[in-house]
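The values are calculated or read from the model by the stated rules, or taken from the named source; none is laboratory data. Since we're looking at a predicted model, the values are computed, not measured. As a convention, Cβ positions derive from the backbone with ideal geometry for all residues, glycine included, and neighbour counts pool all protein chains shown.
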2 protein chains.
Amino acid sequence: MENKPKLTVVKIGGNVIDSKTALKAFLNDFAALNGYKILVHGGGKIATKTAEGLGIIPVFHEGRRITDTPMLDVAVMTYAGLINKDITAQLQALQNNALGFTGADGNMILSEKRKNVAIDFGWVGDIVSVNHELVKVLLQQNVVPVFCAITHNGNGQLLNTNADTIASALAVACSKDFDVNLLYCFEKKGVLSNADDNDSVIKKLTFSKYSQLREEKVIHSGMLPKLENCYDALNKGVSAVYIGSPKMIKKGDTPYTQVAL
Amino acid sequence: MENKPKLTVVKIGGNVIDSKTALKAFLNDFAALNGYKILVHGGGKIATKTAEGLGIIPVFHEGRRITDTPMLDVAVMTYAGLINKDITAQLQALQNNALGFTGADGNMILSEKRKNVAIDFGWVGDIVSVNHELVKVLLQQNVVPVFCAITHNGNGQLLNTNADTIASALAVACSKDFDVNLLYCFEKKGVLSNADDNDSVIKKLTFSKYSQLREEKVIHSGMLPKLENCYDALNKGVSAVYIGSPKMIKKGDTPYTQVAL
């Protein structure tokens, strides 16, 4: 069997985006990563601040944000514009040939408006397909794709899409051609066995352990969809999935969680 | 001698961007163009409106706008975010595999901050080089590159750059590998021999005729840098340059000006 080349897919969240210093430190480490790589970034507080500045009032339904047209425009401006291009320009300065994407660019990520009988969440998209052939061509040209959390429906409509899910879908699609490691960086050091102790990092979270901890409500709320994305990726061909702080992408003694089947 | 494949570079300005109907009509015609093609778009009034909305006060020096940091951020948000991604998504719906670019993406257009001893124009960039090798790879993948008027300096700084000049620089760089036609679409039907008569289109504007009309002040102000870009392109290997209304990209009896040496 032919050995597939290695590919690292890294997702960073709002906590890294919101701090110029944290972002710069992360990008330095990311730029130093060898081999094929893809970066996926979330939004951070810039979208909320821009919306406030423009006098756009966020719409919520039972605590969940609705993406109406003004909010989608702000998401496109800040995620695909300000944040994505800042990251791209910074990576270029670090000799990484970064190229920023929404899902519309190169038809990279096609999605469909979320179907929900009870609530209309607005312009939110669930992923249908990934153009992994073009990703492959670009990686072979030493391009470093940088994805923001915007996709399209193929009919001219842009859609807001969860960045964790984008990272997972990209990792899965690319596992056809690559040996993929997927790294979720977030504000904690890993999946914790005690939510109040940031040092209680679970080193290896097997699916049976996850099921048990979910049952015991040790793992709950926002970690559940994140871990579902992880197991989904592992079940669909991704070689390894890690959750930890942005520091984990640098080899060293930083703790992190390996999510395993 | 080997025949080079044909490439059409089309530049549209603010007048097309500012009208949803005009943009849709133009994109329909652009999408129907056969062969390799690149789209370059200007900004339009969305940037000014967004800046106003955010309470950013434009800075002028002797009638010329200064691009300070808040204005650059707005340009990146609107040009690279809102406008570029709207065009990209619309072209995808028209079965064109559009991919949006700033000059930072893929290191496509490297520029340097404008040097001016008298006035600091702020974050304005003059083009240094174009990554035509990556343009070629993408065109060969049937990708349709869509460029906005933002470049980078290679040190992490984004820069505002004239869209006419971007179109010209792309056309020149690609003329190494392609037989390039460059089309400047604007609000008039072409270069006019009488500024008050939109039907007085000069069909063929040779350099000697241009020099004469410039001398006679028939051609003046904003048309001068536009035409300098045209002759620069022709002198550096672009096969043909046209100026006219957006309708000229559709074969038909629409008048336009051919700029010729």
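Taking (1) within 14 Å of another protein chain (Cβ to nearest Cβ); (2) closer than 30 Å to residue B:5 by Cβ in turn, residue B:157 satisfies each apart from (2). Considering only residues in the stretch B:38-69 that are of a type in the set (Gly, Ala, Ser) and closer than 18 Å to residue B:109 by Cβ, the one that is nearest to the other protein chains (Cβ to nearest Cβ) turns out to be B:43.
Scanning the stretch B:218-233 for residues that are closer than 16 Å to residue B:185 by Cα and surrounded by fewer than 16 Cβ atoms within 10 Å (Cβ to Cβ) yields B:222, B:224, B:225, B:228.
Residues in the stretch B:70-88 that are facing another protein chain (nearest Cβ under 7 Å) and within 19 Å of the chain's Cα centre (by Cα) were compared, and the one that is surrounded by the fewest Cβ atoms within 10 Å (Cβ to Cβ) is B:82. Selection over the stretch A:26-65 of residues that are closer than 29 Å to residue A:131 by Cα, modelled with pLDDT under 95 and among the β-branched types (Val, Ile, Thr) gives a count of 1.
Being within 14 Å of chain B (Cβ to nearest Cβ) and outside any strand (DSSP E or B) is a condition met by at least one residue of the stretch A:4-20. Against the condition of a type outside the set (D, E, K, R), over 22 Å from residue B:60 (Cβ atoms), at the interface with chain A (Cβ under 9 Å from one of its Cβ atoms) and touching a residue at least 60 places away in the same chain (Cβ under 8 Å), how does residue B:146 come out, does it pass? Criteria met by residue B:146. Of A:206, A:257, all but one fail to be of a type in the set (Val, Ile, Thr) and either over 28 Å from residue A:19 (Cβ atoms) or touching a His at 6+ places or on another chain (Cβ under 9 Å) (or both); the exception is A:206.
Listed here are the residues, each with its yes/no results for (1) within 8 Å of another protein chain (Cβ to nearest Cβ); (2) part of a strand (DSSP E or B); (3) in contact (Cβ under 8 Å) with a residue 12 or more places away in the chain.
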{"residue": "B:91", "(1), (2), (3)": "no, no, yes"}
{"residue": "B:99", "(1), (2), (3)": "yes, yes, yes"}
{"residue": "B:118", "(1), (2), (3)": "no, no, no"}
{"residue": "B:128", "(1), (2), (3)": "no, yes, yes"}
{"residue": "B:134", "(1), (2), (3)": "yes, no, yes"}
{"residue": "B:139", "(1), (2), (3)": "no, no, yes"}
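If you go through the stretch A:193-212 and pick out every residue that is part of a helix (DSSP H, G or I) and basic (Lys, Arg), you end up with 1.
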